[in-house]
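First comes the structure, then the notes that go with it.
The values are calculated or read from the model by the stated rules, or taken from the named source; none is laboratory data. Note that the coordinates shown come from a computational prediction; the quantities given were computed from them, not determined experimentally. Cβ coordinates were reconstructed from backbone atoms using ideal geometry, including for glycine residues, and neighbour counts include every protein chain displayed. For the accessible areas, the whole protein counts, side chains as well, though only heavy atoms, and no ligand, DNA or RNA atoms are used. Shrake-Rupley method; radii C 1.70, N 1.55, O 1.52, S 1.80 Å.
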Amino acid sequence: MKLKKTYALTPTYCEVCFWKCAAWVHSDDQGNIQKIIGNDNDPHCNGRLCPRGTGGVGMYSDKDRLKKPLIRTTVDGTDTFKEASWEEALDLVAQKMQEIKDTHGPESMALLKHGSPGSHLEHLFKAYGSDTIGEPAYAQCRGPRETGFGLTYGSWVGSPEPTDIRDTKCLVLIGAHIGENMHNTQVQEMSDAIDNGASIITVDPRFSTAASKSQHWLAIKPSTDIALLLSWMHVIIQEDLYNKEYVKQYGLGFDALKDHVKKYTPEWAYGITTIKPAEIRKTARIMAAAAPSTIIHPGRHVTWYGDDSQRSRAIAILNGLLGSWGNRGGFFFKEKISVPKFPHPAYPHPKWGWHDIGENYPYAEMGITNEMIKASIPDENNKYPIKGWFVAGTNLVNTIPQKDIIEKAIESLDFMVVMDTMPMEITGYADVILPECTYLERYDGIRSAPNREPSIALRAPAVKPKYDSQPAWWISKQLGNRLGLADYFPYEDFEEVIAWQLKEMGTSLEEMKKIGVKNFKRKSGDLYLKKGQAYEFGTPSGKIEFYSEDLASKGFDPMPVYTPHDTPDSGFYRLNYGRSPMHTFSRTINNPNLSDLTDENKLWVNPKVARIEDLKNDQEVWLENQDGVISSFPIKVRITERIRWDSVYMYHGFGHNNKKLTRAHGKGASDTELITKIQIDPLMGGTGMRGNFVKILIDEPSKDIVL
Amino acid sequence: MKYAMVIDTLKCVGCSDCVVACQTENDVPVGYCRDWVTESVSGTYPSVELELKSERCNHCENAPCVRCCPTGASHQTDEGIVLVTADECIGCGACIASCPYDARYQHPDGYVDKCTFCAHRLKEGQLPACVSVCPTKCMYFGDLDDPTSLVSKLLKARKHKVLAPEAGTKPNVYYLI
Amino acid sequence: MQEEIFISGRNIPKIDPYLEVWHFPISLYLFLGGLAAGIIFFASLFTILKKEKEVQTTIKSAMIIVLFALVIGLIALFYDLTHKLYVWQLYTTVRIESPMSWGAWVLLFVTIGSFLWVFSYFTEMFPKWNWRFEWIKKLETYFIRNRRNLAIILLPLSIILGIYTGILLSAFNARPLWNNAILGPLFLVSGLSTGAACIILFSKDHFEQRLFSKIDLALIIIELALIIHMLMGMYAGSAVQLEALDILVGGEYTVMFFVFVIILGLIFPALLEGFELMGYRVPVAIPALLILMGGLIFRMVMIEAGQITRYLY
């Protein structure tokens, strides 16, 4: 067996998804990466990476990577890209950014970002004078739950979620599919919970992996979750099962809540959710019996039907009734250590920013990407015109619904630059493409994430950047120099910044290179509340607000109510989507190691539906949604008992149409292109995406249909 | 010393980390795999059951692949690990045809390859790559001849099964059910 | 509804969706090996029974065919190996539990034995040939004198040659179509029958032809009985064996099996040979060629169909 010996170990933290597990990169004496193994001391992974982290080697070795800067040009009348030097590309980007600053103001240059590279560019943009910054992870993903929990407890759920799953006695998953979303710590702790005999209750129209490990699976009718939550509250309050001491000490508005849920009986909920009343009562009692070591999981991607902040608030309230917030087996108080900012001149004050763009959404606490996209379309009523985009680390067109609006916005822009590691679909729209190197080839900011104990992790380059790619910090600095912002980048190599920061924090770069992860002692008090401990929550009243005066004052429902949502017409099925544990959305589909596991998604179809539609396993079908949009590529059918007859299910992130992604092109269908109807959350602007319905086409649709 | 692997199907989520870790640890070419994950679904909605299993060579006690090898390249160590000595393998394919679990394959370099229980890691006191990486910690590895080992204790305490027991191969990979 | 699927994308070349490690080279070798075994068997048998004068083709020209068959068969086997440079490892050890190891050694000795046999008859067949060297002529005399001893060695070797491939395949309980103990005797009888057919084809002597027609007819009847035995065995077997049976009687290989192997390869030539023995004039080449074709196709079907069936999944 010809095995290479490990020559060097370099600490890093993974960038394949947002969980940022710390790891060791094993390289051989030729400088090639052999494997990536988790750091044992890291609370995010405990020495075990998920399949995407382990497959991170593929991100480095993928031959389809962006290799050189590319500038859009026209050759013989056709739009194409020409390779350019970094000098040329950076000069052009800086020139255009300066033009926008001079003509419209720096506010009109927007940054749409995700992940570690985003933080370098954010610094550049703030120095440049723009606060027009947004990330899809807010309005397209977890934004509503931060609002919902923020209104109830005064603090975000955050990432990683402070769920004490390893000590819980009852885990309730409502629309969370732990095990298929490989949120590393959560999956590991759920496994611990199973070992400890915790009961798991899963509410999901689909028989998810988590459902298969649950003692109770409530096969709920899609879009009716708030009804179930309200009727659980009803049972727990009516049967006196709630945590009386906790509610008395920390709660506000309990009586209003009790009154509010009086009519939401299990029988009422049965008619809406199709879950039997006995089942609702039984599960409510189990939850209450385990309290306060019960977790009603807040979920992660919660932008479903437009009333998502209220649904998250219902989850938060239910947790509050059981007393799980701040108790062992429920939610602990997370703590993170702050990383000192490398000294730089003060940022200028922009005239307007993401906050103003989202002004219609009073509870938006980050940039609402879809609003920023709309603001990029010229309109005389648009107070905040955006003229240029810098897109970093996010494949916008496969992430944000309503592709036609995105394309319209892009067409109206003066300039668009995309920074990415792979030729993702978004790069096809850019004026300049900047090839970023992968996380394995660069330094990045110190990871400081909130956990049970504050912990930091170092990312150091294990290998030199491949091809002509460069790290984001270098790109930001180069642009900064060209924009006259050199004062904001008073260093030659980002390594200096990290070395300084680590020294300030009481450690050193040498030490971190040896240990990779450093955990600190808590300073902010205990993980959990002590019995009877006085505690001030971050809400206006300082208490857990079952009734929110703030919401009432702004004209919203102070307590969640159930609103029925659209259901599919006959012949249509609700389009449900979710994660594959082997992939991170559309980012990893082309990764050679991971596409080897799953290179296409399949359409899960109930056998009854298969009989009606006359489908066979692995048959290729096309999907047409309620607005007449047809999927670009066919998708194979998987006939399975795991899905309801009124829905179909597919993994998100497939159906790539960029031919440069040789392994991903044309494989499976894209759910995003079929999401054309969105329901906006009035509180924070999140885009609810689960209200789209599709019908199944057996024959290949005619090519001359205009999409 | 009898090495065995015990996998808890109640905890496995089918993430296939074991497959990727094995690939990077053992230089398995993309397109091939030494281990794989299967899903069994039974029942009718909404009374459905799901079982996820990570499968590989079972390092059988009564291994047909060792018996049928004409050169002895396919052999079993004293600890019960079935290995293939690449320089003795002629690539006849008999062992591939003999395995009821279809665990073996022809490596592009010509010899026959399969899971080795990461024998090279066991020598250094480490566990096989798949066991070390599994995020749900549902995989256990150890010596069945030692009654105090974790694997022995698990098999005593929990219900378990093996794959295709009727094939008579006496596999050494057990699934807790 | 029951679902059993791979979810980690397992699609190993030549293993999924079904086994594809052995193809035409192996089927060809099985056919040629069986053919050679048959001819050597008869040549040795008649030599031992001191009746070689009556079967001149058998012991002379047919044995030359044996040489070609063995050499082409060995080349086919070598071609099929994927790690060819290490083929010599076969001859560094004898593994009793591995039928392939027996086969490797038996093939070695049978090939050498057949060469020596033909060598001993060479001057008889080609009188104009002159072995130039004295030591070769001395060797020749030695083997001409020891033909009977050579036959005694070659007879059991030929039986092993004819039967071991069947035993090899039947030992794979992972392939339900092959996992049938009758496969060994079936391959042996089929080999003998193709050997006899080959002799009929090349013989110019009427007595020899009639003799081998009778022998062949008997062998075909036994072969048919064994095939029925095999099918009945699968029919009474487990679920995987029923699936395997289905490939032969209700699936992809049904036509190949029944038309080309059973009817055209066995029953029809048997009838022709029967008629011929009854006195009707039938050109002997026809049944002989049909039997040879049937033997080859039988082995092709067994190899291809056998790899489609598997134990799990």
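Charged neighbours of A:Pro11, selected by a Cβ distance under 11 Å, balance to +3 (K, R count +1; D, E count -1). Taking a ≥ b ≥ c as the square roots of the eigenvalues of the Cα gyration tensor, an a/c ratio of 1.5 or more together with a/b no larger than b/c marks chain C as oblate. For the residue pairs A:Lys213/B:Lys137; A:Lys336/A:Lys477; A:Lys126/A:Lys521, the alpha carbons lie more than 22 Å apart in A:Lys336/A:Lys477; A:Lys126/A:Lys521. Placing unit charges on the Cβ atoms only, positive for Lys and Arg and negative for Asp and Glu, gives the range C:24-308 a dipole magnitude near 1120 debye about its Cα centre. State the percent of C-alpha pairs, over all pairs in the range A:269-310, separated by a distance greater than 17 angstrom. So the pairs more than 17 Å apart make up 55 percent of the total in the range A:269-310.
Under 5 Å from the amide H of A:Ile200 lie the amide H atoms of A:Leu171, A:Gln215, A:His216, each residue being 5 or more positions distant or on a separate chain, with H modelled from the backbone and absent for Pro and chain starts.
Dividing the helix sum by the residues of the protein assembly as shown, where each DSSP H run of 4 or more adds -39500 (n - 2.57), gives a mean residue ellipticity at 222 nm of -11500 deg cm²/dmol.
Just to verify a number: FRET efficiency for A:Asp699 and C:Val255, C-beta to C-beta distance, R0 = 25 Å, to 0.05? That pair, A:Asp699 with C:Val255, gives E of 0.20. Projecting the Cα atoms of C:Pro25, A:Asn591, B:Ser16 onto the dipole axis of the protein assembly as shown, where Lys and Arg carry +1 and Asp and Glu carry -1 at the beta carbon, places C:Pro25 farthest toward the positive end. Rolling a 1.4 Å probe over the protein chains gives C:Val301 an accessible area of about 0 Å². Rounded to the nearest 20, the size of the Cβ-charge dipole of chain A about its Cα centre is 2200 debye, with Lys and Arg at +1 and Asp and Glu at -1.
Peptide A:52-59 has a mean shielding of 5, counted as Cβ atoms of other protein chains within 10 Å of each residue's Cβ. Can you tell me the FRET efficiency between A:Lys503 and A:Thr662 if r is taken as the Cβ-Cβ distance and R0 is 51 Å, rounded to the nearest 0.05? Efficiency computed from Cβ-Cβ geometry: 0.70. The protection proxy used here, the mean number of other Cβ atoms lying within 10 Å of each residue, ranks peptides A:590-597, A:475-482, A:68-75, C:278-285 as follows, highest first: A:590-597, A:475-482, A:68-75, C:278-285.
Report Rg(Cα)/(2.2 N^0.38 Å) for the protein assembly as shown, keeping two decimals. Dividing the Cα radius of gyration by 2.2 N^0.38 Å gives 1.13.
I want to check the label-to-label distance for A:Gln98 and A:Thr567. Put each point 7 Å from Cα in the C-beta direction and report it in nm to one decimal. Between A:Gln98 and A:Thr567, the simple spin-label model gives 6.2 nm. When you restrict to C-alpha pairs under 8 Å that are six or more residues apart and normalise by the size of chain B, the relative contact order lands at 32 percent. Eigen-decomposition of the gyration tensor built on the alpha-carbon atoms of the range C:185-313 gives equivalent ellipsoid semi-axes of 31, 12, 12 angstrom, largest listed first.
Packing around the peptides A:206-217, A:400-411, B:128-139, taken as the average count of other Cβ atoms within 10 Å per residue, puts them in this order, highest first: B:128-139, A:206-217, A:400-411. The range A:627-687 and the range A:545-576 have Cα centres separated by 24 Å. For the range A:573-697, just say rounded, prolate or oblate: build the C-alpha gyration tensor, square-root its eigenvalues into a ≥ b ≥ c, call rounded for a/c under 1.5, and beyond that prolate if a/b exceeds b/c, oblate if not. Note, shape of the range A:573-697 comes out oblate.
On chain A, 49 percent of the accessible area sits on carbon and sulfur atoms, based on a 1.4 Å probe. Over chain A, Cα pairs under 8 Å with separation of 6+ residues give a relative contact order of 19 percent.
The distance separating the Cα centre of the range A:399-428 from that of the range C:171-220 comes to 72 Å. Within the assembled protein chains, the solvent-accessible surface assigned to A:Trp622 is about 30 Å², based on a 1.4 Å probe. FRET efficiency for the C:Tyr235 to B:Val162 pair, using the beta carbon distance and R₀ = 22 Å, is estimated at 0.20.
Peptide C:12-19 has a mean shielding of 5, counted as Cβ atoms of other protein chains within 10 Å of each residue's Cβ.
Shielding by partners for peptide B:23-29, expressed as the average number of C-beta atoms from other protein chains within 10 Å of each residue's C-beta, is 6. Checking the Cα-Cα distances for A:Lys464/A:Lys514; A:Lys96/A:Lys351; A:Lys113/A:Lys636; A:Lys282/A:Lys531 against a 26 Å cut-off, the pairs over it are A:Lys113/A:Lys636; A:Lys282/A:Lys531. Measuring between their Cα centroids, the range B:14-71 and the range B:119-177 lie 14 Å from each other. Between helix C:99-125 and chain C there is an angle of about 30 degrees, using the helix long axis and the longest principal axis of the Cα atoms.
Put a plus charge on the Cβ of each Lys and Arg, a minus charge on the Cβ of each Asp and Glu, and nothing anywhere else: the dipole of the protein assembly as shown about its Cα centre is then about 3200 debye.
Since only B:Cys118, B:Cys130, B:His160 are under comparison, the one whose Cα sits farthest along the positive direction of the charge dipole of the range B:53-177, derived from C-beta charges on Lys, Arg, Asp and Glu, is B:His160. Subtracting the Cα-Cα distance of A:Lys341 and A:Asp240 from their residue separation scaled by 0.36 nm leaves 31.3 nm.
For the range A:573-697, averaging the sequence separation of C-alpha pairs within contact (under 8 Å, six or more residues apart) and dividing by the residue count gives a relative contact order of 35 percent. Per-residue 3J(HN,Hα) values for the range C:45-51, derived from phi via the Karplus relation 6.51 cos²θ - 1.76 cosθ + 1.60 with θ = phi - 60°, read 4, 5, 5, 5, 7, 6, 10 Hz in sequence order (x marks Gly and Pro). Of the beta bridges in the protein assembly as shown, as assigned by DSSP with both residues counted there, near 60 percent are antiparallel. For the range A:485-607, the solvent-accessible area works out to 46 Å² per residue, with a probe of 1.4 Å and every protein chain left in place. Only protein heavy atoms count here; under a 1.4 Å probe, A:Ile515 has an accessible surface of about 50 Å².
Model label points for A:Glu510 and A:Asn381, set 7 angstrom from Cα along the Cα-to-Cβ axis, are 6.4 nm apart.
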